[in-house]
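Engineer: Handing you this structure, nothing more for now.
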Amino acid sequence: MKIVLYIFLCLVMVSCKDQKKERVSYLVKAKEIAVNSKIRALIPKESENIVTETIDFDNDSKKDYICTLYDPKKQINVEYWITSDYKILLQNEFLATINDKFFINLDNDNLMELFRSSGEEDGVDCAFYDIKNNKLEPILYFTPILIDDSKPNNYFYGYAWDISDIVMSGNKLLSAINDTIVERDGNFTIPKNQKNLPVIFFKGKTTQPEIKYPKTFKKNYYSLEKIRSSVEVKEDRHAKNKDFKIGQLYNDSDLNIGSIYVNYNSGKYKFDENYHDFLVDSTVTEDESYQSIGNLENENISAKDKNVIRIRDFGVADSNDRGNFSLIFCKKIKDEKWKVIDIVNIGKAIDMSEHQYKMEGNKYLSFSCYNNKGYQYYGLVINKIDSSGKYEKVLKAYKYDFVNEKIVEVDLKKEKVECFPEIGDE
């Protein structure tokens, strides 16, 4: 009997160990190391306060480096992001004295995203960043809220030093996108392209339990794109009421052009995770396509290159002409001049004010629609939200065809598309 009990306990212990091994940690911290001679050779000789960390930020299973220093000539802090083969990927300058970093994989590309908490003693900003075109670009500013299992009656402010991990399910973040007015001390940034700061939840142990929040947040798991679209300040795309015609040129002031976000392919042109402003010809080599991207990155006026399609050369406006609501697909021809390349009539509009796209027959135009691959479309929906928080019925969905320069209606028999309300509409 003792032998059987011993074997049973051993099995339980092994099982517990296996469960611990299987636990997923989403946040990764860089490890501080001594600066080596190869890194020294890449940074200014007069550098001060050098801190070197190692992290595999490009997911190639090789150690990369982030060297942070103070440049006395520029009188600014500088980060040098250095790859495993000792090439500088990017330089990032900042003034903040607080600079805490975590890494997390939030999308499908090879480069990890950065979660940075930075600022001064009187206030910090928390944001996710992506590496695009050898630059750190902010994806989302947010308020971090900490779940401390040892204090289950409240939530707490998520100071970087208290955080052990982020709360996720699959690739979705635990967030409160409607409870965005959170009391915060000190100075912090709300960027111009966001209405407010959504709440993102983290795990950890609070060191400042006096800064607490009641557990009244309406939280759920959302994709990063859903959170972004919920707080995004959309540009006013209402064009002046006039009879627009395909093929005609118009001034930027006539159309109030809005930028287009695309995360899907168009014919042979493929969406590139590393360069979100371009669709790349899949038949050319990587070197050829990246050369084309490099040539066009700093060009402000439309330029031609058969290897790539530059998305910012296209825009969309909407027109409410005597109640007839239309989407107007445009292409930049020269500075402040746009050519109308397609017009799609959506239907009779009831309310087009303050980004409300209400149509006759209890219909609504949603800008937060996704197929099962995460491709983002527009959708005409019945204005009724089901228990899961999405529109109950999608009537039509639209996407952009940059090759044939058309707005294309998606075949809903072949693609399942779900649409979600924007913040304030739920």
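The values are calculated or read from the model by the stated rules, or taken from the named source; none is laboratory data. This is a predicted model, so every value here is computed, not measured. Using ideal geometry, Cβ is built from the backbone for each residue, glycine included, and neighbour counts are taken over all protein chains shown. Please note that ligands, DNA and RNA were not included when accessible areas were found on the heavy atoms of the full protein model with its side chains. Shrake-Rupley method; radii C 1.70, N 1.55, O 1.52, S 1.80 Å.
Engineer: Can you confirm whether LYS135 is within 27 Å of VAL233 (Cα to Cα), open to solvent by 20 Å² or more (accessible area, probe 1.4 Å) and at pLDDT below 90? Talk me through it step by step, then tell me what you get.
Structural biologist: Details: within 27 Å of VAL233 (Cα to Cα): yes; open to solvent by 20 Å² or more (accessible area, probe 1.4 Å): yes; at pLDDT below 90: yes.
In short, yes.
Engineer: On to the next question. Please note which strands (runs of 3 or more DSSP E) are completely contained in segment 95-154 and include at least 2 residues that are within 17 Å of the chain's Cα centre (by Cα) and over 30 Å from ASP71 (Cα atoms).
Structural biologist: 143-147
Engineer: Tally up the residues in segment 205-221 that are open to solvent by less than 90 Å² (accessible area, probe 1.4 Å), in a loop (DSSP other than H, G, I, E, B) and either aliphatic (A, V, I, L, M) or over 18 Å from ILE163 (Cα atoms) (or both), please.
Structural biologist: The total comes to 3.
Engineer: Still on this structure: Considering only residues of segment 389-409 that are in a loop (DSSP other than H, G, I, E, B) and more than 24 Å from the chain's Cα centre (by Cα), which is surrounded by the most Cβ atoms within 10 Å (Cβ to Cβ)?
Structural biologist: Step one: filter segment 389-409 for residues in a loop (DSSP other than H, G, I, E, B), giving 389-390, 402-405.
Subsequent filtering for residues that are more than 24 Å from the chain's Cα centre (by Cα) retains 403-405.
Working: VAL403: 13, ASN404: 11, GLU405: 16.
Among residues in segment 389-409 that are in a loop (DSSP other than H, G, I, E, B) and more than 24 Å from the chain's Cα centre (by Cα), the one surrounded by the most Cβ atoms within 10 Å (Cβ to Cβ) is GLU405.
Quick grid of which residues meet (1) more than 30 Å from LYS358 (Cβ to Cβ); (2) open to solvent by 20 Å² or more (accessible area, probe 1.4 Å); (3) modelled with pLDDT under 90; (4) assigned to a strand (DSSP E or B):
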position: LYS270; (1), (2), (3), (4): yes, yes, no, yes
position: ASP277; (1), (2), (3), (4): yes, yes, yes, yes
position: GLN291; (1), (2), (3), (4): yes, yes, yes, no
position: GLY294; (1), (2), (3), (4): yes, yes, yes, no
position: ASP305; (1), (2), (3), (4): yes, yes, yes, no
position: PHE325; (1), (2), (3), (4): no, no, yes, yes
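Engineer: Let me ask something additional. Do any residues in segment 69-87 that are closer than 15 Å to THR54 by Cβ have Cβ atoms under 6 Å from those of residues that are among the acidic types (Asp, Glu) and in a strand (DSSP E or B), where the two are at least six apart or on different chains, and which pairs are they?
Structural biologist: THR83/ASP64; SER84/ASP64
Engineer: More than 22 Å from SER164 (Cα to Cα) and among the basic types (Lys, Arg), is that true of LYS101?
Structural biologist: Values: more than 22 Å from SER164 (Cα to Cα): no; among the basic types (Lys, Arg): yes.
Judged against the criteria, LYS101 is not a match.
Engineer: Given ASN36, ASN59, which one is within 23 Å of MET112 (Cβ to Cβ), surrounded by 10 or more Cβ atoms within 10 Å (Cβ to Cβ) and at pLDDT below 90? Working first, answer last.
Structural biologist: Details: ASN36 fails: at pLDDT below 90.
On inspection, the qualifying residue turns out to be ASN59.
Engineer: OK, next. Can you pull out the residues in segment 242-266 that are assigned to a loop (DSSP other than H, G, I, E, B) and among the charged types (D, E, K, R)? Walk me through it before giving the result.
Structural biologist: First, the residues of segment 242-266 that are assigned to a loop (DSSP other than H, G, I, E, B): 242-248, 256-257, 259-265.
The answer is LYS242, ASP243, LYS245.
Engineer: Report yes if ASP313 is over 26 Å from GLU336 (Cα atoms), touching a Lys or Arg at 6+ places or on another chain (Cβ under 8 Å), modelled with pLDDT of 85 or more and buried (at least 17 other Cβ atoms within 10 Å of the Cβ), otherwise no.
Structural biologist: Details: over 26 Å from GLU336 (Cα atoms): no; touching a Lys or Arg at 6+ places or on another chain (Cβ under 8 Å): yes; modelled with pLDDT of 85 or more: yes; buried (at least 17 other Cβ atoms within 10 Å of the Cβ): yes.
No, not satisfied.
Engineer: ASP165 is checked against (1) surrounded by 20 or more Cβ atoms within 10 Å (Cβ to Cβ); (2) in a strand (DSSP E or B); (3) not aliphatic (A, V, I, L, M) and fails just one. What number does that condition carry?
Structural biologist: Of the numbered conditions (1) surrounded by 20 or more Cβ atoms within 10 Å (Cβ to Cβ); (2) in a strand (DSSP E or B); (3) not aliphatic (A, V, I, L, M), the odd one out for ASP165 is (1).
Engineer: Name the single residue that is nearest to ASP401 (Cα to Cα) among those in segment 245-268 being of a type in the set (Gly, Ala, Ser) and open to solvent by 30 Å² or more (accessible area, probe 1.4 Å). Quick ask: steps written out before the conclusion?
Structural biologist: We begin by selecting, within segment 245-268, every residue of a type in the set (Gly, Ala, Ser); these are 247, 253, 258-259, 266-267.
Filter once more, keeping what is open to solvent by 30 Å² or more (accessible area, probe 1.4 Å): 247, 253, 259, 267.
On the way: GLY247: 16, SER253: 25, SER259: 15, GLY267: 8 Å.
Applying the filter and picking the extreme gives GLY267.
Engineer: Which of (1) open to solvent by 60 Å² or more (accessible area, probe 1.4 Å); (2) at pLDDT 90 or above; (3) more than 25 Å from CYS126 (Cβ to Cβ); (4) not acidic (Asp, Glu) does LYS29 not meet, given it meets every other one?
Structural biologist: (3)
Engineer: Restrict the check to segment 67-78 and report whether at least one residue is closer than 29 Å to GLU225 by Cα and crowded, with 16+ Cβ neighbours inside 10 Å.
Structural biologist: If we filter segment 67-78 for residues that are closer than 29 Å to GLU225 by Cα, which is where we start, we get none.
No, segment 67-78 contains no residue that is closer than 29 Å to GLU225 by Cα and crowded, with 16+ Cβ neighbours inside 10 Å.
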